[in-house]
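Beneath this line is the structure, given in structure tokens, with notes to follow.
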Amino acid sequence: MSNMENLVEVKNLKEYFNITTGMFQSKPLKAVDDVSFAIRKGETLGLVGESGCGKTTVGRTILHLYKPTAGEIWFKGKKIETKADIMEYRKKSAMVFQDPYSSLNPRMTVSDIIGEPLDIHKMYADKAERQEKILELMNRVGLNSEHASRYAHEFSGGQRQRIGIARALATSPEFVVCDEPVSALDVSIQAQVINMFDELQDQMDLTYLFIAHDLLVVRHISDRIAVMYLGKMVELADAKEIYDHPLHPYSKSLMSAVPVPDPKIARANQRVVLTGDIPSPLNAPSGCPFRTRCPYACDACAEAMPELKEVSPGHFVACHRVAEIN
Amino acid sequence: MALLEVRDLHTAFTTPAGTVNAVNGVSFNLERGKVLGIVGESGSGKSVTAYSIMQILEKNGKIVSGSVKIDGQELVGAGEKVMKTVRGNKISIIFQDPMTSLNPTYTVGHQLTEAILLHTNRNKKQAYDRAVEMLRLVNINEPHKRMKQYPYEFSGGMRQRIMIAMALACEPDILIADEPTTALDVTIQAQILELMKSLQEELGMAIIMITHDLGVVAQMCDEVIVMYAGSICEQGTADEIFYNPRHEYTKGLMHSIPTVNNDDEKLEPISGTPIDLLNMPKGCPFAPRCDAAMKICLRERCQRMEINEDHAAACWMNVKEQMEQEEGGEEA
Ligand SMILES: Nc1ncnc2c1ncn2[C@@H]1O[C@H](COP(=O)(O)OP(=O)(O)OP(=O)(O)O)[C@@H](O)[C@H]1O
Ligand SMILES: Nc1ncnc2c1ncn2[C@@H]1O[C@H](COP(=O)(O)OP(=O)(O)O)[C@@H](O)[C@H]1O
Ligand code: SF4
Ligand code: SF4
Ligand SMILES: [Mg+2]
Ligand SMILES: [Mg+2]
């Protein structure tokens, strides 16, 4: 049973890594711990949270680039189970990385980089069709197709990101996970790439999971935003709603910490500055993961992990005291 | 007399590909107790300006000409002996990556104490106490215990705070912060910025805040310098720069960032690619990317022009507007 408006559904997803802690001991690092959410067809879902909270791991596990420790992933109303399901799903999904260059072979030409997914999924009849597809993809992302035989290192950061996007789009995916795709770029170039993501979404009917740490960029591009903390999802709501009226104590401090590029707003802003550092995921606190830094923590917070509950239509929060503190 | 006066600073690097003129005629004043922001894209000369002031350029770099005065004392040509007393005592710097400036093989306590011994007239015991006090000041819990730990035992945000403690331990008049929070999460960034601001108010020092993040500038800075291709293209109070930008590059920058007011609008990117300092155009360095470029922009570089007493820019558009106004005035 699944809702067809949802392109991707994640149910009780867990991704644990085994970390060696002593000569004969190891311990599970719970990078993603029991996360459930859905991504609607055609939307951009932003994913934010502190470094190490599990954003990239969610992105990779959703695409089955990591085998989930537990939980289910549904694509277009169908559970991804068999090897064949995974292969088919890989063709319909793709990932864009922060710096495509470092994840690509420096000895490959742009045309080989973009063509590789086509080769893997055997998506052309002959050489001519392959080349035609590559040039069309280059045009689509605003790269000069005369440069197809150049190497990636000959391009600027913004152009490399376009190469990465062209490669991701090669198999005509429906779902794209974008992991910090503009973080490495200069402000002026960032805007070019953000606009391109927007245009490609319209042209190709794409659905995005957009991971970034710049909250204003995420707010700009996303329809909804999910906030993670220490492997858990703590809040999920409409982008403007969560930015303007965050309900979870962690989201509140996160949103208030955003440096707004407007001196008058910035001066008036009441920041909720957190003390302390994010705990190691190897020693996550019992109960609510945020309780060691939460100004509202009480005894109950140490006992049970609050569930992600819908507190108003479309607004989900995981906090025992959400009603009292808002 | 301003605390820091920089005049017509030129700094160049010798490279196999040719001479890189990284800083081309930078001038500004910094008053006591003020926060000055320097913004601009990667490679625009922000760090090189800072390193020139501190005279910590890499071996292939050299101040070609210009003047840097602190409290009226000329530093260019003053020699390494003078600079040794200036660094740490009068100016300190925090780098983007604290790992490059903390020595991984010594405890944090050792490094802090050494820096204090080097720059102040304290004995060992006093230096140790001062180090502990500084750690407390930057909100490091259990400072006595922390003194015995090595840099790798701290998180990124804590290391950055230790760097701040180190830079401030000697009570400099000027703190240069080169992208101090770029590598940090927003909540940790907010912690560090609040800390810097409160220490600045408490100790009355001046800060030069180098960043590419206009949000950080809006939050922290009284005055702003916008750099492009090694030159200052615009300079003024934060309000003037944000609400009344008068250089086409600054305007482009403001339109290309998402804010809380332009959600539903398309961002307006700056076209083209960043400048190549080895192939500088003849006229305005921004002309190849400027939508408003005129003929004169390609031929000749515009000089710095006062917009009002809080604001100056080097853009021919202002000259054009002024001429149009004067013409209009004559007709009327
Ligand atoms: N392959 C792996 N083996 C062991 N631990 C891992 C692995 N990948 C990630 N982790 C750990 O899982 C946690 C979540 O990592 P993840 O990369 O998903 O974080 P993130 O939210 O993407 O952070 P950032 O913002 O820094 O990119 C971290 O503690 C990380 O160290
Ligand atoms: N040691 C060096 N050798 C050659 N060129 C350098 C050196 N250091 C900096 N540069 C060049 O000087 C210019 C300004 O650099 P920098 O001040 O670091 O820029 P940013 O504004 O990003 O801080 C850049 O073009 C950079 O490549
Ligand atoms: S559950 Fe408790 S500790 Fe967690 S966010 Fe809510 S109030 Fe804070
Ligand atoms: S001087 Fe001319 S080219 Fe330069 S920014 Fe102004 S209008 Fe554009
Ligand atoms: Mg990541
Ligand atoms: Mg720099």
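Given the residues B:304, B:299, B:246, which is the only one that is free of Cβ contacts under 8 Å to residues at least 24 places away in the same chain and either within 16 Å of ligand 1 (Cβ to nearest atom) or of a type in the set (Lys, Arg) (or both)? Of the residues listed, the single one that is free of Cβ contacts under 8 Å to residues at least 24 places away in the same chain and either within 16 Å of ligand 1 (Cβ to nearest atom) or of a type in the set (Lys, Arg) (or both) is B:299. The criterion of at least 1 residues that are within 14 Å of ligand 6 (Cβ to nearest atom) is met, among helices (runs of 4 or more DSSP H) falling completely within the stretch B:1-110, by B:46-54, B:98-101.
Can you spot a residue in the stretch B:243-260 that is more than 24 Å from residue A:160 (Cβ to Cβ), within 10 Å of another protein chain (Cβ to nearest Cβ) and either modelled with pLDDT of 95 or more or within 16 Å of ligand 3 (Cβ to nearest atom) (or both)? There is at least one residue in the stretch B:243-260 that is more than 24 Å from residue A:160 (Cβ to Cβ), within 10 Å of another protein chain (Cβ to nearest Cβ) and either modelled with pLDDT of 95 or more or within 16 Å of ligand 3 (Cβ to nearest atom) (or both).
In this structure, does residue A:59 turn out to be buried (at least 17 other Cβ atoms within 10 Å of the Cβ), within 16 Å of ligand 3 (Cβ to nearest atom) and in contact (Cβ under 8 Å) with a residue 24 or more places away in the chain? The answer is no for residue A:59.
When the helices (runs of 4 or more DSSP H) confined to the stretch A:241-319 are screened for residues that are among the polar types (S, T, N, Q), those reaching at least 2 such residues are found at A:249-257. Looking at the stretch A:44-106, the strands (runs of 3 or more DSSP E) lying wholly inside it that each contain 1 or more residues that are within 14 Å of ligand 1 (Cβ to nearest atom) and within 23 Å of residue A:158 (Cα to Cα) sit at A:44-48, A:93-96.
Only one of the listed residues (B:206, B:238) is touching a residue at least 40 places away in the same chain (Cβ under 8 Å) and within 7 Å of another protein chain (Cβ to nearest Cβ). That residue is B:238.
Does the stretch B:139-151 contain at least one residue that is out of contact with any Cys (no Cβ under 7 Å at 6 or more places or on another chain), among the hydroxyl-bearing types (Ser, Thr, Tyr) and within 14 Å of chain A (Cβ to nearest Cβ)? So far as the stretch B:139-151 goes, no, none of its residues is out of contact with any Cys (no Cβ under 7 Å at 6 or more places or on another chain), among the hydroxyl-bearing types (Ser, Thr, Tyr) and within 14 Å of chain A (Cβ to nearest Cβ).
Assess whether residue A:275 counts as being within 13 Å of chain B (Cβ to nearest Cβ) and away from ligand 1 (no atom under 16 Å from the Cβ). Judged against the criteria, residue A:275 is a match. Taking (1) in a loop (DSSP other than H, G, I, E, B); (2) within 12 Å of another protein chain (Cβ to nearest Cβ); (3) out of contact with any helix residue (DSSP H, G or I) (no Cβ under 8 Å at 6 or more places or on another chain) in turn, residue B:263 satisfies each apart from (3). Cβ-Cβ distances below 9 Å connect the following pairs, each with a first residue in the stretch A:243-257 that is closer than 18 Å to residue A:308 by Cα and more than 8 Å from chain B (Cβ to nearest Cβ), a second residue that is among the polar types (S, T, N, Q) and part of a helix (DSSP H, G or I), and a separation of six or more residues or different chains: A:246/A:253; A:246/A:256; A:250/B:187.
For every residue, the table says whether it meets (1) at negative phi; (2) modelled with pLDDT of 95 or more; (3) away from ligand 6 (no atom under 16 Å from the Cβ).
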{"site": "A:30", "(1), (2), (3)": "yes, no, yes"}
{"site": "A:34", "(1), (2), (3)": "no, yes, yes"}
{"site": "A:38", "(1), (2), (3)": "yes, yes, yes"}
{"site": "A:44", "(1), (2), (3)": "yes, yes, yes"}
{"site": "A:48", "(1), (2), (3)": "yes, yes, yes"}
{"site": "A:54", "(1), (2), (3)": "no, no, yes"}
{"site": "A:58", "(1), (2), (3)": "yes, yes, yes"}
{"site": "A:62", "(1), (2), (3)": "yes, yes, yes"}
{"site": "A:65", "(1), (2), (3)": "yes, no, yes"}
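So which of B:78, B:22, B:17 is more than 14 Å from chain A (Cβ to nearest Cβ) and crowded, with 21+ Cβ neighbours inside 10 Å? Exactly one of B:78, B:22, B:17 is more than 14 Å from chain A (Cβ to nearest Cβ) and crowded, with 21+ Cβ neighbours inside 10 Å, namely B:22.
For the residues A:146, A:136, A:132, A:116, the requirement of being in contact (Cβ under 8 Å) with a residue 40 or more places away in the chain, more than 14 Å from chain B (Cβ to nearest Cβ) and surrounded by fewer than 18 Cβ atoms within 10 Å (Cβ to Cβ) singles out A:116.
The set of residues from the stretch B:170-200 being within 14 Å of another protein chain (Cβ to nearest Cβ) and charged (D, E, K, R) comprises B:179, B:185, B:194, B:197. Taking the stretch B:217-231 as the range and being over 12 Å from the mean Cα position of the chain (by Cα), within 26 Å of residue B:277 (Cα to Cα) and outside any loop (DSSP other than H, G, I, E, B) as the test, the residues that pass are B:228, B:231.
Can you find, within the stretch B:1-51, the residue that is nearest to ligand 5 (Cβ to nearest atom) among those that are of a type in the set (Gly, Ala, Ser) and within 15 Å of residue B:279 (Cα to Cα)?
Here the residue is B:43.
In summary, residue A:286 fulfils each of the numbered conditions (1) more than 16 Å from ligand 1 (Cβ to nearest atom); (2) among the polar types (S, T, N, Q); (3) within 12 Å of chain B (Cβ to nearest Cβ) with the single exception of condition (3).
Residue A:93 meets each of the listed conditions (1) among the hydroxyl-bearing types (Ser, Thr, Tyr); (2) surrounded by fewer than 21 Cβ atoms within 10 Å (Cβ to Cβ); (3) away from chain B (no Cβ under 14 Å) apart from (2).
The set of residues in the stretch A:201-220 that are more than 14 Å from chain B (Cβ to nearest Cβ) and buried (at least 19 other Cβ atoms within 10 Å of the Cβ) comprises A:206, A:207, A:208, A:209.
The values are calculated or read from the model by the stated rules, or taken from the named source; none is laboratory data. No experiment lies behind these values; they were computed from the predicted model shown. Cβ: placed from backbone, ideal geometry, glycine included. Neighbour counts: every protein chain shown.
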